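Accompanying notes for the structure given below.
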Amino acid sequence: MTDLEHIRPGPFAELLGFRTVQVEEGEVVLEGLPGDEHLNAGGFVHGGYLSALLDNATGLAARTRVPAQLLTPHLDIHVQYVRGAKAGLPLTCRATVLSGGRRAVSVAAEVTQEGRLVARASSSHAVVQKPTDDPRRDADHNWNEGRTALERSNGRSPPPQVT
């Protein structure tokens, strides 16, 4: 697959400030710059922030192995925390596809800070057809459309609607 235009983080990754550094078939690199608001009570970057970075990177890496009309939701993710990360220093997350087929994709990822391993993850992903009934799930849809001026001004998206 050569068309990787559909590989982009969603609004949650944007909210956390993750940025895409590299997208190639079978590999994605994301970067995050944690701030003081991302620290736990012990003064290190919260595990939830690290997990979200790993979750986004593994999900996007899995998508590099499927056509744009398919999605790769996580079946599971196992995170291992290796050492504490500090606020104000970039975190780099490299996710690599280990294997992939028509029904599932397996991915491994590592987060480093200043060249030192902080956390790693392994994940598996189902390969499923993209729903066509929700325009927000269209890869070409602008996620900011439909947000109110207040929501745009404070940078927050509305909560999902439960139907």
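The values are calculated or read from the model by the stated rules, or taken from the named source; none is laboratory data. Bear in mind that the values here come from a model prediction, so they are computed numbers and not experimental data. Cβ atoms come from the backbone with ideal geometry, glycine included; neighbour counts cover every protein chain shown. With ligands, DNA and RNA removed, areas are computed over all heavy atoms of the protein, side chains included. Shrake-Rupley method; radii C 1.70, N 1.55, O 1.52, S 1.80 Å.
Among residues of the stretch 102-122 that are farther than 24 Å from Val66 by Cβ, those with a beta-carbon under 9 Å from a residue that is aromatic (Phe, Trp, Tyr) and at pLDDT 95 or above at least six positions away or on a different chain give the pairs Val118/Tyr81; Ala119/Tyr81.
If you check Arg94, Arg63 for being of a type in the set (Lys, Arg) and touching a residue at least 60 places away in the same chain (Cβ under 8 Å), only one passes: Arg94. One residue alone among Arg94, Arg83, Arg120 is of a type in the set (Lys, Arg) and in a loop (DSSP other than H, G, I, E, B), and that residue is Arg83. Set side by side, the residues Asp55, Asp138 differ, and just one is of a type outside the set (A, V, I, L, M), modelled with pLDDT under 95 and open to solvent by 40 Å² or more (accessible area, probe 1.4 Å), which is Asp138.
Yes/no per residue for (1) part of a loop (DSSP other than H, G, I, E, B); (2) under 18 Å from Cys93 (Cβ atoms); (3) open to solvent by 60 Å² or more (accessible area, probe 1.4 Å):
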site	(1), (2), (3)
His6	yes, no, no
Pro9	yes, yes, no
Phe12	no, yes, yes
Leu15	no, yes, yes
Val21	no, yes, yes
Leu30	no, yes, no
Glu37	no, no, yes
Gly43	yes, no, no
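Scanning the stretch 90-118 for residues that are in contact with a helix residue (DSSP H, G or I) (Cβ under 7 Å, 6 or more places away or on another chain) and either of a type in the set (A, V, I, L, M) or open to solvent by 60 Å² or more (accessible area, probe 1.4 Å) (or both) gives Leu91, Ala95, Val97, Val105, Val107, Ala109, Val111, Val118.
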